[in-house]
Amino acid sequence: METHTNEQPVSALLTYREAAALLNLALPTIYSKVSRKELPHVRLGSRCVRFERERLLSWLEERRVEPGLVLEKP
């Protein structure tokens, strides 16, 4: 298996479909987030975009909302 200088295997790069499956999001949502630069991605050419699995998981973790106290309305 080929590796890059950072020793990450090439197969660690995900396609749009794989990223959508990993994040449990619709494919159009992934396209939209990439076009708005809201999702970390790697552009390998004008039409070739890939995603690093670990960066997507970190992105997802950063958006975790922990449950808090729910205040009752008077």
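No value in this document is a laboratory result; all are computed from the given coordinates. Note that this is a predicted model, so its numbers are computed, not measured. Here Cβ is always computed from backbone atoms with ideal geometry, including for glycine, and neighbour counts include all displayed protein chains.
What full-extension length gain, to one decimal in nm, is calculated for Ser32 and Ser46 as 0.36 nm per residue of separation minus the Cα-Cα distance?
Result for the pair: 3.4 nm of gain on full extension.
Do any GluC sites (Glu not before Pro) in the stretch 22-74 lie in a loop, going by DSSP, with at most 15 other beta-carbon atoms within 10 Å of their beta carbon, and if so which?
Filter output for the stretch 22-74: Glu38, Glu72.
Lys/Arg Cβ at +1, Asp/Glu Cβ at -1, dipole of the stretch 10-61 taken about the Cα centre: which of Leu57, Leu23, Leu13 is farthest positive-ward?
Leu13
Give me Val42, Val65 sorted ascending by neighbouring Cβ count inside 10 Å, so fewest comes first.
The fewest-first ordering by Cβ neighbours comes to Val65, Val42.
Where nothing but the Cβ of Lys and Arg (+1) and of Asp and Glu (-1) is charged, how large is the charge dipole of the stretch 10-61 around its Cα centre, in debye to the nearest 20?
It comes to approximately 260 debye.
Just grab the label-to-label distance for Asn24 and Glu66, each label 7 Å out from Cα along the Cβ direction, in nm (one decimal).
If labels sit at Asn24 and Glu66, their model points lie 2.1 nm apart.
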